[in-house]
1. Would you kindly compute the Cα radius of gyration of the stretch 86-128 and its largest Cα-Cα separation (Dmax), both in Å?
2. Using Cα-Cα distances under 8 Å and only pairs 6 or more residues apart, what relative contact order does the chain have, in percent?
3. How much accessible area per residue does the chain have, counting only protein heavy atoms and a probe of 1.4 Å, in square angstrom?
4. Find how much the distance from Ala273 to Asp151 grows on full extension, using 0.36 nm per residue of separation minus their present alpha carbon separation; answer in nm with one decimal.
5. Shape verdict for the stretch 9-155, please, from the Cα gyration tensor: rounded (a/c under 1.5), prolate (a/b greater than b/c) or oblate.
6. Over the chain, what per residue volume does the convex hull of the Cα atoms give, in whole Å³?
7. Mind running the shape call on the stretch 213-338? Use the C-alpha gyration tensor, a ≥ b ≥ c as the square roots of the eigenvalues: rounded below 1.5 for a/c, prolate if a/b tops b/c, oblate otherwise.
8. Quick check: Cα centre of the stretch 19-61 to Cα centre of the stretch 326-358, how many Å?
Amino acid sequence: MTRSSAILSRLTPTATFLTILLPLFLTHGRGLAEFSISALSVLFLIRSVAAADWSWLSENWMKWALLWWAWQIFCSLPVLDGVGRSGLTQAILSIRFALFAAALQCWTLREGWARQWMTGLICACACYIAIQIFMQALFGHNLFGVPRAADGTLTGPYTHSRAAAPLSRLAPPTLMLVFAALYARLGARRGVFLGVVLTALSLTALILAGQRMPTALMLLGIMLCSLLYRPYRWVGLIGLMTTPVIMLGVKIFSHRSTDHLITLAHQQLAHFAQSHYGLIFTRVWMIVAQHPWAGLGFDAFRHGCPQPAYFHGFTALGQRPDGGGAAICVQHAHNHYLQALSNGGWPGLILFVMMVIALMVALWPREGRHHAWRVGLFVAFIVQEWPIASTSDFLNLPLGGWAFLLIGVGLAEARAIRPDRNQSRPPLENDARPHHQVRAEKS
């Protein structure tokens, strides 16, 4: 066995083990998830050197990801003029997320058994979060004794209201996989009935959580699943039609959840310009107005928002002249496209959009094995990158980790149904055995 083959024989089991454990780490264990993602990206580079396999660089989505990454680094250089410009080290290290997704696509989830384990764990984590939400609604506390949040929303398995966002990403693939299995085994009539029940339960969990944007994105996800997976169309339609009924039922068990959904949503939409989100949008616009070509570099909003140079507001829209001053500042722009715009200016936004489009093309659920599951993974990506949404930082854990995990799983599933998938195995990994054994088998 050559030295490269020996390295590969040790790397692959370790990397696969870290990959399969990631859903558990992202659910409970943010530090372990951060370590695993970073370790997998490094191990993937070592594997590429040892196997002399850099074919993953030819993936279209990876080309755009590398261009976007390179532009982020350029925009973060301290020599560029700009108030609050920093984050060069973070910009350089941000490539680990793209490498992590590529590792899942081309390496750790290449085998069918690894993808099956990952599928089961993703579905289990989705069910776990939903069950904790239901438990908190019925008994007033979750499995760990944590009560509802102070504003009446439900926290699920956590101490703060952050369960709805990951559930809105995990629910579409889980729902599609379970529905497809029931539809195939029980027939159309019973499968559709149980599909409606599962859809209603999923919506109920999101509505109980009381988070406005994840609930809206879940409704979007159900609609997209209905459009992309024909057997689910009536199920999704009925599920969407029952949403008002579900909200009335939820009001009995957690009226503050529905108040949080409906009342606050109405207030923010009716007075968007004066809302916190409207002021954040204005602040990003003021940053880009002064730095249209390079933004302020990585983590621009965090460092640029408190700077008085950008304290301006649209008085015609009812905003204060200072745009809310430093009081509106938060850690990120609450929208991935605004984040890309403030980080890298208009070129950065264009490169980010091209990367998203390339990933959409790569994840598109073509007909083939596990079609329903791949539809759900595609929809989860659309939910994550829907442009009109408030969300967490693009690369922040745990939600960013969930997003890139689902991207990697989706890419691995898409790769598995390619006609040329059997020709993509690197020679060194294929022949990591004694040379006389390889020659004997070939003969």
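1. Rg then Dmax for the stretch 86-128, in Å: 14.7, 43.
2. 23 percent
3. On the way: 19860 Å² over 443 residues.
Per residue, the chain has an accessible area of 45 Å².
4. 41.6 nm
5. oblate
6. Output value, Cα hull per residue: 151 Å³.
7. prolate
8. So the separation of the two Cα centres works out to 24 Å.
The values are calculated or read from the model by the stated rules, or taken from the named source; none is laboratory data. Everything quoted here is computed from the prediction, not taken from an experiment. Counting neighbours? That spans all protein chains shown, and the Cβs are built from the backbone with ideal geometry, glycine included. SASA here: full protein model, heavy atoms, side chains in, ligands and nucleic acids out. Shrake-Rupley method; radii C 1.70, N 1.55, O 1.52, S 1.80 Å.
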